[in-house]
Amino acid sequence: MKRFNIGLPRLYFRFYVALLVILAIFAFATLEIWNRTGSPLERSNATLAQVMQNVLAPPDAPPDMQQAALARVAANLNNAHMTLYTRDWRPLAVVGDLIPARHWRRQGVTGPPPESFVRLPDGRKLLSSEPLGFTRPKAMLHNALLLVALGIGVAAFPLVRHLTKRLERLQIGVEKLGAGDFTARVPIEGKDEVARLAQSFNRAADQIEQLVGAHKTLLANASHELRTPLARIRLALELIPEGIDPKRRKGLEQDIAELNHLLDEILLASRLGAIPENTDSEELDLLALAAEECARYDDTMLDGESAVMQGDPRLLRRLLRNLLENAHRHGVPPASVRITCANHVATLRVWDEGPGVPDPEFERVFEPFFRRRGTLDNNGAGLGLALVRQIARRHGGEARCALMRDGRSCFEVELPLA
């Protein structure tokens, strides 16, 4: 079963965000270093603009003076093309071909592209086909950092996703193993730490599967082997002369019956653990099964509606029998059984006239061999309720203790309908 915490971002997303944060910190640090060490380069453009204004003619000078001054600037610059514009982009002087301003290009004027653009302190603009000083170095640095960060961010996403995909497959394998699928293994990809982690998980899963298998085999074999001496004890008790104390005989017979019942439950539990699915599933009516089991006990009332479902009739009979047996052994008669259906789920409730199970023990009563507090005998020991929950979950349902409206508790089993 695949489960993820919806409230937390996925692992690959956190890796990716961490990488982007590192890139942002790197860019910020680079800009800070530039602001501290690159200011002379920034100031050189302002110095160049002032020098150009000093060399060129004043803005209100005649056109021939403007042209002569611009020609002196362009002299010996490898046939440079230069154009001097006013504040409002009207040409004052041209050396070589006219370098058009951007709003002139819409009028179809063509010319060499500008390599440098110098904004003079008095507002005039000087465009040149040869580079003069540095062209907006800070903007160039910003663009370079942005392109580097964008390239790394795009290239890093598939790499991070590939790494976390392997971790997600490992997580699915761990969850399957935790849910009881001891055959769960994960593929080993690569030769890095994640691959070694997958190898360690597979080795641990192999050992767990072997230990659980050996435990189930030992449990089943021990239960079978105990049947033989139990049968001998029962036969010996039947051969004892009738002169034995009837009370003592009755106690021995009760002990043998309880031991035989416990062996049946242990064998059933071992079979449920060894066989992963219901092999004897068929369509049945839960109400009819409940009626047959209730007929075995006195002071039992049955109420409800037909509940047709797919299941193992033998296991569901044991579920009903264990609940009724628990109500008659530990409760106050009469016992009540009710079956209701809603939203494709059949709900089976069993209770008696006693107070029921205390709220703090709602979960503990389903533990194997749990004994209620304050009891000195072995009445509470066994696998009955543990088998009830195991059989319910095997059919895709659940078993729990629940409070009724009058404050007493009941046992509630939910099973999916056909």
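Residues in the range 303-366 average 46 Å² of solvent-accessible surface per residue, probe 1.4 Å, ligands and nucleic acids excluded. Estimated from the Cβ-Cβ distance and a Förster radius of 25 angstrom, the FRET efficiency linking PHE13 and ALA195 is about 0.65. A Förster distance of 56 Å, applied to the separation of the beta-carbon atoms of PHE370 and ARG161, puts the FRET efficiency at 0.75. Taking a Cβ cut-off of under 10 Å around GLU189, the surrounding Lys, Arg, Asp and Glu residues balance to a net charge of +3, with basic ones at +1 and acidic ones at -1.
The aspartates and glutamates within cross-link reach of LYS247, meaning a Cα-to-Cα straight distance under 15 Å and a gap of 8 or more places when in the same chain, are GLU238, ASP255. Under 1.5 on a/c is rounded, so check that first for the range 282-416, then, if it is not, pick prolate when a/b is larger than b/c and oblate when it is not; a ≥ b ≥ c are the square roots of the alpha carbon gyration tensor eigenvalues. Prolate, because a/c is 1.5 or more and a/b exceeds b/c.
The Cβ shell under 12 Å around ALA288 holds other residues with a net charge of -4, Lys and Arg each +1, Asp and Glu each -1.
Accessible surface ranking for ILE208, ILE391, ILE233, 1.4 angstrom probe, highest first: ILE233, ILE208, ILE391.
The values are calculated or read from the model by the stated rules, or taken from the named source; none is laboratory data. These figures come from a predicted structure and were not determined experimentally. All Cβ positions, even for glycine, are placed from backbone atoms using ideal geometry, and neighbour counts span all protein chains on display. Surface areas here come from the heavy atoms of the whole protein model, side chains and all, with no ligands, DNA or RNA. Shrake-Rupley method; radii C 1.70, N 1.55, O 1.52, S 1.80 Å.
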